[in-house]
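The structure under discussion appears below in the form of structure tokens.
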Amino acid sequence: MKQCEPWQKDFFQALTLPLRGSSRKATELHPSDEGHSVEFFSIAEKWIKPNQVLSAAERLELYHRQYWYRILDSLAEDFPVLRKMSGDQVFWDLIEQYLLTRPSQSFTLRHLGEGFAVFLSKSEILNNQQRRWFEAIARIEYAYMESFEALQSALPQAADLENKMIGIQRHVRLLHLPVPADLCVDWEDFAPAYHCPHESVSVAIWRRPSGSSGIVRIPNEEACFLSTLAGGVFLTEFFTQLPEPHPEAAQVSSWFADWQARGWLCIKGEQGLNAFDIDEPWQEKQAMSSQAMSFPQP
Amino acid sequence: MADSRFTGGKMLGTGIGLRVPHYDHILREKPAVDWFEIISENYMVEGGRALAVLDSIMDQYQVVMHGVGMYPGNGNGLDMDHLRRLKKLIKRTNTPWISDHLCWGSVDGSVSHDLLPLPFTFDVARKTAENLRIAQDFLEIPLAMENISSYAEFTMDEMTEWQFLSEVCELANIGILLDVNNIYVSSFNHGFDPMDYVNFIPSNRVAQIHIAGHSRYERFIIDTHDHPVIDPVWQLYARAIERCGSTATLLEWDASIPSFEEVWQEAKKSEKWRNNQLRENEPSKNYEAV
């Protein structure tokens with residue numbers, strides 16, 4: 001990689017400094033009367049030309065605001081359940097801390113939340129219980145994004161089950177969670193979590209033929225099967241390799257029937273037709289980035 | 001008129017940006033739009049509904065790719081993974097050309113998701129053109145650079161923006177996507193005459209024109225793409241057509257997006273301006289009366 005230009009390094013550094021003053025007040029971050037840092041002014045003075053109506057710092061601030069407004073909005077939009085569970089104040093504190101420590105590493109804003117769950121699991125502003133639950137919620141919410149844009153592999157026909165390597169579609173995201181965070185969708189706030197048993201659960205998130213997402217709780221035994229299958233197996237060998245005790249044959253058949261009906265199974269390594277029922281009106285948010293966004297009145 | 005090498009030999013009329021709120025209307029009603037522009041990064045995915053919708057729209061319409069993440073002005077150079085993803089999408093869409101922005105946007109792998117301004121120096125022009133030559137060679141398709149809206153100028157500028165745009169595109173031997181709204185926005189923010197800009201650019205390189213609305217504040221204008229096109233921008237458009245001839249024209253509307261019909265009616269206004277201007281350019285030719 002070539003060396004970065006000094007002016008670019010400084011400019012980017014200024015963008016990632018915390019929002020201040022009126023720019024901050026236009027967001028839902030906790031307000032602060034603190035002005036820009038000496039570093040911000042120093043970068044502006046060094047590289048940016050003032051004009052008749054705006055100082056160098058004011059001009060740089062326009063970019064600073066846009067940077068923050070864009071990433072704050074984008075990340076918040078991707079974690080609505082976490083926002084509901086944590087409450088607005090904690091949520092925005094978490095989002096700001098995360099973005100301060102981890103600027104985007106991807107070409108698309110869809111991936112902005114990639115490291116959010118891990119960040120939450122270590123956050124010092126949360127207690128142990130919040131950490132455990134919020135991390136689990138964030139994993140679920142990010143899995144929706146991963147499922148949304150995942151590759152569609154070929155769906156197996158009956159004959160393929162005998163002679164082809166079978167796996168799980170990449171859009172099926174199997175999560176093993178330390179707490180039943182899938183329940184939070186139906187909760188109005190975090191209060192029920194304090195009375196909820198801390199049992200680990202497995203959930204699968206997948207993409208339906210309409211492109212919309214589904215989530216379902218998976219019993220542990222079935223989840224174990226699915227995890228093994230995800231790596232790709234020949235079914236003729238698969239059943240001889242399973243650890244004892246084997247589930248009942250009828251149970252396994254029932255699982256396979258469910259997976260096939262949901263479109264979870266795939267032929268490993270074969271790309272499938274990316275076909276969807278696009279005539280069905282789209283109800284969900286479509287995770288897409290755009291260069292343009294509204295700019296709150298300064 | 002643009003050299004055909006900058007447009008892949010394709011002549012396009014009026015288009016609009018393909019946006020999610022209009023998907024259902026387009027698929028159901030199949031409106032008579034000349035072409036759609038897509039934001040490349042929105043479809044740089046492995047699979048899913050977005051690609052399925054795109055495939056379906058491509059069955060009916062010409063699609064042209066417009067990117068927001070190439071960042072040819074990055075000091076770190078180009079992200080080859082990004083170019084590989086772009087090339088894959090180019091093969092899928094059969095776009096006649098692709099465009100992106102004359103800007104920078106990331107440092108050492110951290111991404112701003114913004115179109116950040118470049119200092120207008122000969123050194124930056126040379127380095128950016130070098131990146132663009134690499135990109136065009138790799139992508140094997142005509143590439144056009146769009147002038148961005150900007151809110152800041154650098155202390156080390158050595159030339160005007162229009163000189164910089166021309167210098168980079170000449171050095172890289174690529175086309176120009178002339179955004180007349182961006183020219184207007186920057187002219188207000190930096191205090192220059194926008195006609196000077198339109199009058200200077202090498203007209204044979206202009207493969208496409210963008211029109212859009214913006215938000216005006218007391219001391220600056222922000223390029224929000226959330227309003228109709230204002231009259232001074234239409235005047236710039238008319239002058240661009242006078243200089244460049246009939247050019248593929250696209251309306252951008254990215255926030256507070258109204259109905260498909262409203263966006264399309266706004267885009268179609270460009271046909272009136274374009275035809276009037278073309279008639280003035282060549283009175284002997286029969287351009288559609290308005």
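Miscellaneous remarks
- Computed E for A:Asp73/A:Lys2 - FRET, C-beta separation, R0 30 angstrom, nearest 0.05: 0.40
- Sites A:Asn163 and A:Gln251, calculated FRET efficiency, Cβ-Cβ separation with R0 35 Å, nearest 0.05: 0.90
- In summary, the aspartates and glutamates within cross-link reach of A:Lys268, defined as a Cα separation below 14 angstrom excluding same-chain residues under 8 places away, comprise A:Asp160, A:Glu162.
- Tensor-based shape of the stretch B:167-290 (alpha-carbon gyration tensor, a/c under 1.5 rounded, otherwise prolate or oblate): oblate
- C-alpha long axis of helix A:56-78 to longest principal axis of chain A, angle in °: 20
- Rounded to the nearest 10 degrees, the angle from helix A:6-15 to the longest Cα principal axis of chain A is 80 degrees.
- Note on A:12-24: average number of Cβ atoms from other chains within 10 Å of each residue's Cβ is 1.
- The helix-only estimate of mean residue ellipticity at 222 nm for chain A, built from DSSP H runs of length n ≥ 4 each weighted as -39500 (n - 2.57), is -13500 deg cm²/dmol after division by the residue total.
- For chain A, radius of gyration divided by Kirkwood radius, i.e. Rg to Rh on alpha-carbons: 1.07
- Number of partner chain Cβ atoms within 10 Å, mean per residue of A:45-52: 4
- The stretch A:1-133: C-alpha pair distances exceeding 28 Å, %: 24
- Too-long pairs where the Cα-Cα distance tops 30 Å, listed order kept, from B:Lys30/B:Lys91; A:Lys25/A:Lys122; A:Lys46/B:Lys87; A:Lys25/B:Lys269: A:Lys46/B:Lys87; A:Lys25/B:Lys269
- Dipole in debye (nearest 20) - chain B, about Cα centre, beta carbon charges: Lys, Arg +1; Asp, Glu -1: 820
- With at most 16 neighbouring Cβ atoms within 10 Å, loop trypsin sites (Lys or Arg not before Pro) (DSSP) excluded, longest segment of chain A: A:3-284
- Annotation for B:Leu171 and B:Glu140: the two label points, set 7 Å from Cα along the Cα-Cβ direction, are 2.8 nm apart.
- Principal axes of chain B: Cα extent on each, largest first, Å: 49, 46, 40
- Computed from the C-beta positions of B:Asp108 and B:Glu46, the FRET efficiency with R₀ = 35 Å rounds to 0.85.
- Entry note, the stretch B:4-281: relative contact order of 18 percent, from Cα contacts under 8 Å with a spacing of 6+ residues.
- Tilt relative to chain A, helix A:88-101 - C-alpha long axis, 0 to 90 degrees, to 10: 80
- Kirkwood-based shape ratio for the stretch B:103-257, expressed as Rg/Rh from alpha carbons: 0.95
- Candidates A:Gln13, A:Gln52, A:Gln89, ranked by Gaussian network fluctuation over chain A, Cα under 10 Å, top entry: A:Gln52
- Take every DSSP beta bridge whose two residues both sit in the stretch B:4-281; close to 15 percent of them are antiparallel.
- Share, in percent, of DSSP beta bridges within the stretch B:161-258 that are antiparallel, nearest 5: 20
- Sparse-neighbourhood loop sites, GluC sites (Glu not before Pro) in the stretch A:214-279 - DSSP loop, at most 12 other Cβ within 10 angstrom: A:Glu248
- Taking a ≥ b ≥ c as the square roots of the eigenvalues of the Cα gyration tensor, an a/c ratio of 1.5 or more together with a/b larger than b/c marks the stretch B:230-269 as prolate.
- Spin-label model, B:Asn276/B:Lys91: points 7 Å from Cα along the beta carbon direction are separated by 4.7 nm.
- Shown for the protein assembly as shown is the translational diffusion coefficient from the Stokes-Einstein equation, using the Kirkwood radius over Cα pairs, a temperature of 10 °C and a viscosity of 1.306 mPa s: 61 µm²/s.
- With the simple spin-label model, which puts each label point 7 Å out from Cα in the Cβ direction, the B:Gln265 to A:Gln105 separation comes to 4.9 nm.
- Charge tally in the Cβ shell below 14 Å around B:Ile209, where Lys, Arg are +1 and Asp, Glu are -1, B:Ile209 excluded: -2
- Once C-alpha pairs closer than 8 Å and six or more residues apart are averaged by separation and normalised to the residue number of chain A, the relative contact order reads 18 percent.
- Long-range HN-HN contacts of A:Leu177 with modeled amide H, under 5 Å: A:Val201, A:Ser202, A:Val203
- Rounded to the nearest 5, the antiparallel percentage of DSSP beta bridges internal to the protein assembly as shown is 45%.
- Per-residue Karplus couplings for the stretch A:131-144, computed as 6.51 cos²θ - 1.76 cosθ + 1.60 with θ equal to phi - 60°, are listed in order as 4, 4, 6, 5, 4, 5, 4, 5, 5, 5, 5, 6, 4, 4 Hz, Gly and Pro entered as x.
- Per residue, chain B reaches -13000 deg cm²/dmol at 222 nm when only DSSP H runs of four or more residues are counted, each adding -39500 (n - 2.57).
- Shape analysis of the stretch B:159-212 places it in the oblate category; the axes a ≥ b ≥ c from the Cα gyration tensor give an a/c of at least 1.5, with a/b not above b/c.
All of the numbers you see were taken from the coordinates with simple rules; none came from a lab. What you are looking at is a predicted structure, and each value in this text was computed from that prediction instead of being measured. Note that we place each Cβ from the backbone using ideal geometry, even for glycine, and neighbour counts take in every protein chain shown.
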